[in-house]
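Input: a single structure, listed below in structure tokens.
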Amino acid sequence: MTDTLTIPRPDDWHLHLRDGAMLEAVLPETARHFGRAIIMPNLVPPVVTGAQAAAYRDRILAALPEGMAFEPLMTLYLTEDTDPADVAAAHASGLVKAVKLYPAGATTNSASGVRDFDKVRPVLEKMAEIGLPLCTHGEVTDHDIDIFDREAVFIDRVLDPIRAATPGLRVVMEHITTKNAAEYVASQDKDLGATITTHHLIINRNHILVGGIKPHYYCLPVAKREEHRLALRAAAVSGDARFFLGTDSAPHTDPNKESACGCAGCFTATNTMPLLAHVFEEEGALDKLAGFASEHGPAFYGLPVSGGTLTLTKGDAPVQFPEKIESGDGPVTVFDPGFPVYWSAE
Ligand code: OTD
Ligand code: ZN
Ligand code: ZN
């Protein structure tokens with residue numbers, strides 16, 4: 001038996017491409033299936049200015065293999081010194097599609113993020129005025145807040161106050177991992193959206209910790225209890241246009257993952273679309289996949305749906321995805337869902 005599903009070409013509304021040799025290795029994995037992606041700015045040093053974003057976009061396009069079509073949608077890394085005029089110019093030129101808020105220290109390469117939210121108020125006000133979305137890594141970093149509670153506390157202490165103080169600011173709560181976030185987003189207006197990753201629809205915290213520590217399932221925000229995973233699945237297949245795909249595919253080499261202090265990040269670019277077909281089929285919601293992966297994101301960002309299509313095919317035998325991809329920096333392990341997948345994408 002073979003099932004096929006054709007959807008408009010999907011986009012990834014949260015992606016880490018890195019730079020240099022890693023960029024070269026991972027870019028084709030995304031460009032094979034996706035039309036566009038929101039490119040995270042957490043390089044070392046971060047992409048802070050419009051000029052840096054333009055240079056990074058050129059490096060991405062230069063790394064794109066001949067014959068592949070892919071549009072990087074650039075973002076700026078918000079710092080306490082970000083200049084509202086530079087942000088407005090980068091937006092007006094069409095270069096930049098969002099600004100990224102990292103609470104300082106929340107995740108990989110976020111040391112230059114925001115400590116004092118009052119300092120970025122002029123930038124947020126400018127963004128509300130010009131309709132430029134704010135993407136948020138929604139976790140507080142207070143040492144006394146348990147890591148499993150950091151997303152829920154961020155909503156109360158940071159996100160809700162910022163939105164109340166900045167009417168008209170469009171915000172994407174990225175890579176949501178809790179029922180609390182799904183419920184908060186669903187209870188708000190259309191100025192708030194949320195991305196959901198592939199891996200958070202598949203793993204809960206037991207996958208990381210039961211039977212030995214699994215570094216390739218460790219990412220931030222860390223996967224939560226099963227009830228949260230189920231709430232994310234319900235949101236993803238709900239058809240509610242505020243929820244859309246952002247893989248947060250975040251490559252690290254195996255030595256950097258399999259270490260006494262392993263890096264956070266799951267690399268899902270290679271098999272995300274087949275995994276999503278599996279998940280949506282399991283939920284009896286294959287008809288909702290086009291909305292989640294291809295339509296809701298562009299609608300939030302005010303862009304047309306990507307041109308072209310992607311066809312997902314379910315075969316009789318499990319698909320063998322590569323276990324690793326090779327990069328000039330070393331091997332990168334591809335996310336293993338832990339169950340057989342019969343879907344492939346082309
Ligand atoms: N989470 N790893 C990374 C970023 C994200 O919070 C994120 O966006 C990374 O490696 O850049 C991760 O686990
Ligand atoms: Zn993040
Ligand atoms: Zn990310």
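The values are calculated or read from the model by the stated rules, or taken from the named source; none is laboratory data. Note that this is a predicted model, so its numbers are computed, not measured. Every residue, glycine as well, gets a Cβ built from its backbone with ideal geometry; the counts of neighbours run over all protein chains shown.
The figures follow:
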item: The listed residue being touching an Asp or Glu at 6+ places or on another chain (Cβ under 9 Å), within 16 Å of ligand 1 (Cβ to nearest atom) and modelled with pLDDT of 95 or more, out of 18, 36; result: 18
item: Check on residue 220, in contact with a His (Cβ under 6 Å, 6 or more places away or on another chain), within 27 Å of residue 301 (Cβ to Cβ) and of a type in the set (A, V, I, L, M, F, W, C); result: no
item: Among the residues listed as 58, 3, 12, the single one being buried (at least 20 other Cβ atoms within 10 Å of the Cβ) and of a type in the set (D, E, K, R); result: 12
item: Filter pass, residue 110 being more than 20 Å from residue 297 (Cα to Cα), surrounded by fewer than 17 Cβ atoms within 10 Å (Cβ to Cβ) and in contact (Cβ under 8 Å) with a residue 12 or more places away in the chain; result: no
item: Selection count, region 117-157, where residues are within 16 Å of ligand 1 (Cβ to nearest atom), touching a strand residue (DSSP E or B) at 6+ places or on another chain (Cβ under 7 Å) and not acidic (Asp, Glu); result: 8
item: Test result for residue 77, closer than 20 Å to residue 252 by Cβ and within 16 Å of ligand 2 (Cβ to nearest atom); result: yes
item: Within region 80-122, considering residues that are among the polar types (S, T, N, Q) and at pLDDT 95 or above, the one farthest from ligand 2 (Cβ to nearest atom); result: 93
item: For residue 302: the one exception among (1) at positive phi; (2) touching a strand residue (DSSP E or B) at 6+ places or on another chain (Cβ under 9 Å); result: (2)
item: Residues being within 12 Å of ligand 3 (Cβ to nearest atom) and charged (D, E, K, R) - total across region 248-281; result: 1
item: Tally, over region 146-187, of residues that are within 16 Å of ligand 3 (Cβ to nearest atom), of a type outside the set (A, V, I, L, M) and touching a residue at least 60 places away in the same chain (Cβ under 8 Å); result: 4
item: Flag if residue 64 is within 16 Å of ligand 2 (Cβ to nearest atom) and closer than 30 Å to residue 9 by Cβ; result: no
item: Check on residue 75, surrounded by 20 or more Cβ atoms within 10 Å (Cβ to Cβ), among the hydroxyl-bearing types (Ser, Thr, Tyr), within 15 Å of ligand 3 (Cβ to nearest atom) and farther than 20 Å from residue 169 by Cα; result: no
